[in-house]
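Peer 1: Dumping the structure here so I can ask a few things about it.
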Amino acid sequence: MNILVTGASSGFGKSICQRLVAEGHYVVGFARRAEKLEVLKEQLGELFTPIVCDVADFASIDKAFSEVPEGSIDVLVNNAGLALGLEGMQNLAVSDWTTMINTNINGLVYFTQKVLPTMIAQNSGLIINMGSIAGTYPYPGGNIYGATKAFVKQFSLNLRTDLLGTQVRVTNIEPGLCGDTEFSNVRFKGNDDKAAKVYENVKYIMPEDIASTVSFLVSQPTHVNYNRIEMMPVSQASAPLAVHRQ
Ligand code: NDP
Ligand code: 8X3
């Protein structure tokens, strides 16, 4: 299959590319950091095409798509995304929330719209969006990040209704605590000690577990649609409702 993966330079995206190439798929990986993509290219060889792209910039996406090798697009994995900060909304920098919205929402929607005409015309295709448990369960400081992932969840479900009558499928993967990625390093803006504390003394989900879920979805029969897959490590559960007592 021909598979496009955004956010291919680290974490889930990198692991998804490694897994899918190992399974014999042609994978195009998008990200901003050319040097990281080049290292992956050296490792994965002919089946992998790296394309530098900022998904928060529509012009960059247009340019990137003009570089995608000819051929049908079978699967899009909308994985690029980030959280910035964990402070209350009143203290969140405007540049942080606009970056989260532009990346997690606008970039994902634009990529989706880019592949839809081809998928609808060929009457087949699979769009896998990377949501989060943060899109369902609120937590302090999750304000904008969680809301972007709630958007991704509802957008995925709404897309299914637009696509009813076609064979194009849509799945929202909603992971919980996953380590061995740059997610918290990015969230805490390079404060690696703070990032490391998120994963202290806990067995978290690994990027390979997410890649394995993507691989599972890609290999399903084409008459089956998984709408949502929520994943947590066994060591995580949703919190009880908070009560502030006087
Ligand atoms: P990483 O920070 O390791 O990976 C994020 C990827 O997204 C990188 O490849 C980065 O590449 C890319 N990216 C970020 N911004 C842009 C942009 N503007 N344009 C293009 N690429 C971009 O984090 P994860 O692998 O953990 O996260 C991947 C996805 O999974 C995200 O959507 C995240 O919200 C979601 N998620 C993560 C969880 C976790 O606990 N880790 C849990 C639930 C969901 P580059 O910087 O090179 O552009
Ligand atoms: C990443 C998981 O709980 O840090 O989406 O928001 S969480």
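Peer 1: Got a number for residues in the stretch 120-131 being assigned to a loop (DSSP other than H, G, I, E, B) and touching a residue at least 60 places away in the same chain (Cβ under 8 Å)?
Peer 2: Matching residues across the stretch 120-131 total 2.
Peer 1: Across the stretch 214-241, what is the number of residues that are of a type in the set (Ser, Thr, Tyr) and within 21 Å of Leu157 (Cβ to Cβ)?
Peer 2: Residues in the stretch 214-241 being of a type in the set (Ser, Thr, Tyr) and within 21 Å of Leu157 (Cβ to Cβ): 3 in total.
Peer 1: If you don't mind, another one. So for the stretch 218-241 (the condition being in a helix (DSSP H, G or I), more than 14 Å from ligand 1 (Cβ to nearest atom) and surrounded by fewer than 18 Cβ atoms within 10 Å (Cβ to Cβ)), does at least one residue qualify?
Peer 2: no
Peer 1: Would you mind listing the strands (runs of 3 or more DSSP E) fully within the stretch 1-95 where at least 1 residues are under 17 Å from the mean Cα position of the chain (by Cα) and within 16 Å of ligand 2 (Cβ to nearest atom)?
Peer 2: Correct list: 2-6, 75-78.
Peer 1: Taking the conditions exactly as written (in contact (Cβ under 8 Å) with a residue 12 or more places away in the chain, within 15 Å of Phe30 (Cβ to Cβ) and not charged (D, E, K, R)), does Val152 satisfy them or not?
Peer 2: For Val152, the condition - in contact (Cβ under 8 Å) with a residue 12 or more places away in the chain, within 15 Å of Phe30 (Cβ to Cβ) and not charged (D, E, K, R) - is not met.
Peer 1: Determine which member of the set Phe48, Phe12, Phe58 is among the aromatic types (Phe, Trp, Tyr) and either closer than 22 Å to Thr171 by Cβ or near ligand 1 (Cβ under 9 Å from one of its atoms) (or both).
Peer 2: Of the residues listed, the single one that is among the aromatic types (Phe, Trp, Tyr) and either closer than 22 Å to Thr171 by Cβ or near ligand 1 (Cβ under 9 Å from one of its atoms) (or both) is Phe12.
Peer 1: Here's a follow-up. Which residue out of Ala134, Ala196, Ala150 is hydrophobic (A, V, I, L, M, F, W, C), at pLDDT 95 or above, within 9 Å of ligand 2 (Cβ to nearest atom) and assigned to a helix (DSSP H, G or I)?
Peer 2: Ala134
Peer 1: Here's a follow-up. Pairs please, first residue from the stretch 173-199 and surrounded by fewer than 18 Cβ atoms within 10 Å (Cβ to Cβ), second anywhere and acidic (Asp, Glu) and outside any loop (DSSP other than H, G, I, E, B), Cβ atoms under 8 Å, 6+ apart in sequence or on different chains.
Peer 2: Once the first residue is surrounded by fewer than 18 Cβ atoms within 10 Å (Cβ to Cβ) and sits in the stretch 173-199, its partners that are acidic (Asp, Glu) and outside any loop (DSSP other than H, G, I, E, B) give Asn185/Asp192.
Peer 1: Which of the residues spanning the stretch 136-166 are more than 14 Å from ligand 1 (Cβ to nearest atom), touching a helix residue (DSSP H, G or I) at 6+ places or on another chain (Cβ under 9 Å) and of a type in the set (S, T, N, Q)?
Peer 2: Asn143, Gln154, Thr166
The values are calculated or read from the model by the stated rules, or taken from the named source; none is laboratory data. Just so you know, these numbers come straight off a predicted model, no measurement behind them. Glycine also receives a Cβ, built like all others from the backbone with ideal geometry; neighbour counts cover every protein chain displayed.
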